[in-house]
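Notes follow the structure.
The values are calculated or read from the model by the stated rules, or taken from the named source; none is laboratory data. None of the values given here were measured: they were computed from a predicted structure. Neighbour counts run over all protein chains shown; Cβ positions are idealised from the backbone, glycine included. Remember, those area values only see protein heavy atoms, side chains included, never the ligands or the DNA or RNA. Shrake-Rupley method; radii C 1.70, N 1.55, O 1.52, S 1.80 Å.
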Amino acid sequence: MGSKERYHWQSHNVKQSGVDDMVLLSKITEEAIVENLKKRYLDDYIFTYIGTVLISVNPFKQMPYFTDREVEIYQGAAQYENPPHIYALTDSMYRNMLIDAENQCVIISGESGAGKTVAAKYIMGYISKVSGGGAKVQHVKDIILQSNPLLEAFGNAKTVRNNNSSRFGKYVEIQFSRGGEPDGGKISNFLLEKSRVVSQNENERNFHIYYQLLEGASPEQIDNLGIADPTYYFYLNQSGTYKVDGTDDKKEFKETMNAMQVIGISANVQMMVLQIVAGILHLGNINFVEVGNYAEVENEAHLAFPAFLIGIDQMKLREKVTSRKMDSKWGGKTESINMTLNVQQAGYTRDALAKALYARVFDYLVDAVNKAMQKPHEEYSVGVLDIYGFEIFRKNGFEQFCINFVNEKLQQIFIQLTLKAEQEEYVQEGIKWTAIEYFNNKVVCDLIENKVNPPGIMSVLDDVCATMHATGEGADSTLLQKLQAAVGCHDHFNSWNQGFIIHHYAGKVSYDKQANDLVSRLMKCTPHYIRCIKPNETKRPKDWEESRAKHQVEYLGLKENIRVRRAGFAYRRAFPKFIQR
């Protein structure tokens, strides 16, 4: 401990690279911010502060400063005693929870591939190392850490922008005793990208678990689950991509199965999970032909295996994918009618079944993790929000719309609490203050979620879904017409012949409702922020694309953030807390 107390990084010939806290920049311009981040990134310093906000640039390689030595150095140290680090932010969050007796949360934001998920892992790893505790606490720590490989296998995938992209959002609450020992936890999952189960863009993959299973299955599993080459399965062969550089699917399959074991999922249930996963693959190979305007299964043999794996009767499966039951109400009576589907509708029904099965397996796994670490009553908690980043694809569907909306809401929280609330605080205190202008994206959130006057996009969508449920044709054009009527003159909305464009805070994207619940939970905690930046599209270390970095610096509002911090007070604390401390 003695050596730790004497340690100060500036006295140990640590190379100074730019400024550690961008509040100290001599010029506050976007160019100066980008230049400082670039200088530090090329010198292998990926972390930089703006006051208490941490900026993290993805290095695309393993950095050497995440060892036990760093854990010891940052434990209990003040923020400026050591170089900027995610451990410093995590330590501050943990100590504040204990000192102020308040729940904390960290909001990790940034676009796809900026390093959010890795940041979340470092936070959980640090808390696990510094928080002590006996056998029960160690068991909870093991579950929290093992939930990562398990949920990544079922919820992450290779996209064009990121080889290990989270295709779901998660809010991990680590619950603590009053003594600061992690003795429970809860994971909430949001917006799983179910459409990936049935189709992927070019150069992308389905969820990792499929390739892990195909590579890592034992001979017995290969027989029992009907495992074949990935090119055989329609749900895997559409993108033409099966391997990911630097990923060992066989090894990761072992880690996934081990994680299930640690969490307490029995061998019997593990097998059932794999059966459903394999059953979905076989379900995708059921094709349809048109016979007298109606769909029939092209090859009856393709029904047997998915029916066996999912545990349902083969004829029942055929009936469910080629027809649907509709309830007709007339004169107080309800009558059930079986409607035969056409080929297109049958394909949609098969895919809907596959997506629903996969989502239920995913929810089951999250539930299993939660049951393994639940505690009867909550005391303190630290929440870590890792939600998939803002993204723009060539083809953006409803799921991208929801993801980008949640990111828009998170940006709104950041603006509300770091740019708006602090300035209002100074005005209320009677301090002479010159207002600092910034773009408040509430206008974009309202465009999406307004209920009335004018109705937002979600309300219009609800209305179209309610009135167009019986037909597939014309729904898109009806939606566009109604959107044009409701929000056509909004500054942040444009329509075009095949869709619509929203001018998000991070750029223009052409294109639930869980978002507001998440926001209200975050607002009950003391928030901390990590803003992740993706320096390039090549995913290579030491590669810096100036225009990409500048764009992110602009839309994350870093310049405005620095200006408010510089003009404001370095230390602000509510009077009762100040007295207590």
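Heavy-atom accessible surface of segment 280-360, averaged per residue, reaches 61 Å², computed with a 1.4 Å probe.
Remark: for residue pairs Lys141/Lys170; Lys15/Lys61; Lys251/Lys375; Lys513/Lys534; Lys186/Lys243, the C-alpha separation exceeds 23 Å in Lys251/Lys375; Lys513/Lys534; Lys186/Lys243. Extents of segment 233-388, largest first, come to 59, 48, 32 Å (Cα atoms, principal axes, whole angstrom).
Amide H contacts of Asp183: Gln175, Phe176, Ser177, each under 5 Å away and 5 or more positions distant or on a separate chain (H built 1.01 Å from N in the peptide plane; Pro and chain starts excluded).
For Asn96 and Asp68, calculate 0.36 nm times their separation in residues minus their Cα-Cα distance, and state this gained length in nm to one decimal. Kindly include the intermediate steps, with their values, before the conclusion.
Details: separation 28, 0.36 × 28 = 10.08 nm, distance 2.21 nm.
Length gained, Asn96 through Asp68: 7.9 nm.
Using θ = phi - 60° in the Karplus curve 6.51 cos²θ - 1.76 cosθ + 1.60, the 3J(HN,Hα) couplings for segment 200-210 round to 9, 5, 4, 6, 10, 10, 6, 4, 3, 4, 5 Hz; x is entered for Gly and Pro.
With kT/(6 pi eta Rh) evaluated at 10 °C and eta = 1.306 mPa s, and Rh the Kirkwood radius from Cα pairs, segment 255-308 diffuses with a coefficient of 120 µm²/s according to Stokes-Einstein. For segment 20-43 versus segment 172-214, the spacing of their alpha-carbon centroids is 34 Å. Of the residues Leu24, Leu357, Leu98, the one with the largest accessible area comes first in the ranking Leu24, Leu98, Leu357, computed with a 1.4 Å probe on protein heavy atoms. Annotation for Lys15 and Asn293: the two label points, set 7 Å from Cα along the Cα-Cβ direction, are 7.5 nm apart. Look at the dipole of segment 1-148 built from charges on Cβ: of Phe47, Tyr74, His139, the Cα furthest out on the positive end belongs to His139.
Counting Cα-Cα pairs of segment 280-360 in 10 Å increments starting at 0 gives whole-percent bin shares of 18, 47, 25, 9, 1. For Asn162, nonlocal amide neighbours, meaning residues 5 or more places apart or on other chains whose placed amide H falls under 5 Å from its own, do not occur. Under 26 Å of direct C-alpha separation, and excluding same-chain neighbours fewer than eight residues apart, Lys320 reaches these lysines: Lys194, Lys329, Lys333, Lys355.
With K and R counted +1 and D and E -1, the other residues having a Cβ less than 13 Å from that of Val553 yield a net charge of -2. Here the spin labels are modelled as points 7 Å beyond Cα on the Cα-Cβ line, and at Asp245 and Lys539 they lie 0.8 nm apart.
The string of couplings for segment 548-554 from the Karplus curve (6.51, -1.76, 1.60, θ = phi - 60°) is 5, 4, 5, 4, 5, 4, 5 Hz, one whole number per residue in order, with x for Gly and Pro.
Over segment 162-264, the pair-distance histogram of Cα-Cα distances with 10 Å bins from zero comes to 13, 34, 33, 14, 6, 1 percent, rounded to whole numbers.
Annotation: amide H of Ile533 within the under-5 Å range of Ser56, Val57, Asn58, sequence separation 5 or more or interchain, hydrogens built in the peptide plane. Summarised as an ellipsoid, segment 1-154 has semi-axes of 27, 20, 15 Å, derived from the eigenvalues of the Cα gyration tensor scaled by 5 and square-rooted, with the largest first.
In this structure, His139 and Asp363 have a Cβ-Cβ separation that, at R0 = 22 Å, corresponds to a calculated FRET efficiency of about 0.40. Using the Karplus relation 6.51 cos²θ - 1.76 cosθ + 1.60 with θ = phi - 60°, the per-residue 3J(HN,Hα) values for segment 327-342 come to 8, 10, 9, 8, x, x, 9, 10, 10, 8, 10, 8, 10, 7, 8, 8 Hz, with x marking Gly and Pro.
With labels modelled as points extended 7 Å from the Cα through the Cβ direction, what inter-label distance (nm, one decimal) is found for Val427 paired with Tyr232? Once both label points are built, they end up 6.7 nm from each other. Only protein heavy atoms count here; on that basis, with a 1.4 Å probe, Ile562 has an accessible area of about 0 Å².
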